[in-house]
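First the structure, which I've put down as structure tokens, then a few questions once you've had a look.
Bear in mind these aren't lab numbers, they're just calculated from the coordinates by the rules spelled out. Fair warning: this is a prediction, and the values are worked out from it, not measured in the lab. So basically every Cβ, Gly included, is an ideal-geometry build from the backbone, and we count neighbours across all protein chains shown.
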Amino acid sequence: MKAKVAVLISGAGTNMAALLYAAKAEACPYELVLVTGDNPEAPGLSLAEVEGIAVVRIPKPTPKDKSRFFAALDIQIRKAGAEYIALAGFMRILPEDFVRAWENRMLNIHPSLLPRYKGLDTHQRAIDAGDKSGGCSVHIVTPGVDDGPVLAQTPVAIIPGDTPETLARRVQFAEHQLYPATLAAFVTRERSPDYLRARVRELAMALPEADEVTSHGMPCFGIVKGKKFAYFTEDHHGDGKIALLVKISGADEQAALIEMDADRYYRPAYFGDGWIGIRLDLGDTEWDAISDWLRKSWLAVAPKKLAGLMAIAEDF
Ligand code: GAR
């Protein structure tokens, strides 16, 4: 199953085109399910249309109906079944609730080596500063403009005599390579065992006196010389699942969680009522929630003295 991506543009849409043509390769892990934006006249929309991608033309928003515009946009994106959004020259500041609704599911491409030169006139600013290179960055979108964790960058050398236009043209070549590759890696990683294991390891090992051992072939996290609080399971006994097992209060909580979301939560075989399995391979893992589960599980097994120290730390 390919990951479903909506692309938002405001203008030419050459980055959208790069994403679109890369997606025609059989091995590409994503497909475009929608191209839309804030400018019904954007040339990129017509290109997407002739290439058979669904296009929605939403009237240009006035400053007054900005929130209505973003609500309509959100509805269209969800209607198209998109799981991810790629901003490709979408020149509008996103409201915070829209960003939160797509947290960790929305990428942007920006024509500079972030964190340098957020905003506009990036090439002119790089030339004026005497930089050796300009370039482009793909990053996860967070509420700050052109902010958020950078996933990948390509430096592009500045040649003596470069103007913003000549530099921009070369940066565009770099953008068209960088964006499809980075988007492909991004949609793949949320289902990749190596990535999921590394995320769990990072969160589990950040807990006080945490220790990793291998138990029944699974990476397993416990308190040094103490009890285990988490297991990372990958196709255990051929169940085909990648999941985290953590401690819970017992059979009631276990049943309630499974009833609430039977796709995500399950009763781990051989572990009994005191544990819950949480699927990590559904592509929409909320890592803050996983971090909370790990902390609660750690607290359930930590010796009183250690647990007390954590409680004190949390009060600060
Ligand atoms: C691209 O260079 C992109 O990096 C930039 O707009 C251009 C869109 O070109 N985006 C930003 O500046 C976002 N802050 P395109 O429409 O041909 O893809």
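Could you give the angle, 0 to 90 degrees to the nearest 10, between helix 66-79's Cα long axis and the longest principal axis of the Cα atoms of the chain?
Approximately 70 degrees, to the nearest ten.
Shifting gears a bit: Normalising by the residue count of the range 106-149, find the relative contact order in percent from Cα pairs under 8 Å and 6+ residues apart.
After rounding, I find 47 percent.
Roughly what % antiparallel, to the nearest 5, for the DSSP beta bridges in the chain?
Of those bridges, close to 70 percent are antiparallel.
Treating the beta-carbon of each Lys and Arg as +1 and of each Asp and Glu as -1, no other charges, what is the dipole magnitude of the chain about its Cα centre, to the nearest 20 debye?
160 debye
Per residue of the chain, what 222 nm ellipticity follows from adding -39500 (n - 2.57) for every DSSP H run with n ≥ 4, rounded to the nearest 500?
So the helix-based figure for the chain works out to -12000 deg cm²/dmol.
Here's something else I'd like to know. Using +1 on the beta carbon of Lys and Arg, -1 on that of Asp and Glu, and nothing else charged, what's the dipole of the range 77-218 about the Cα centre, debye to 20?
Rounded to the nearest 20 debye, it is 420 debye.
In addition: Report, to the nearest 10°, how far helix 164-189 tilts away from the longest principal axis of the Cα atoms in the chain, using its own Cα long axis and a range of 0 to 90°.
Here the helix axis deviates by roughly 30 degrees.
If amide hydrogens are placed 1.01 Å from N in the peptide plane, which non-local residues have theirs closer than 5 Å to the one on residue 83?
It is 4, 5, 6, by chain and number.
In addition: Roughly speaking, what is the centre-to-centre gap between the range 131-170 and the range 12-48 when only Cα atoms are used, to the nearest Å?
The distance from the Cα centre of the range 131-170 to that of the range 12-48 comes to 21 Å.
Report Rg(Cα)/(2.2 N^0.38 Å) for the chain, keeping two decimals.
Here the answer is 1.18, to two decimals.
Determine, for each peptide in 136-148, 244-256, the mean count of other beta carbons within 10 angstrom over its residues, then list the peptides with the highest first.
Ranking, from highest mean packing down: 136-148, 244-256.
Helix 193-205: angle to the longest alpha-carbon principal axis of the chain, degrees 0 to 90, nearest 10?
60 degrees
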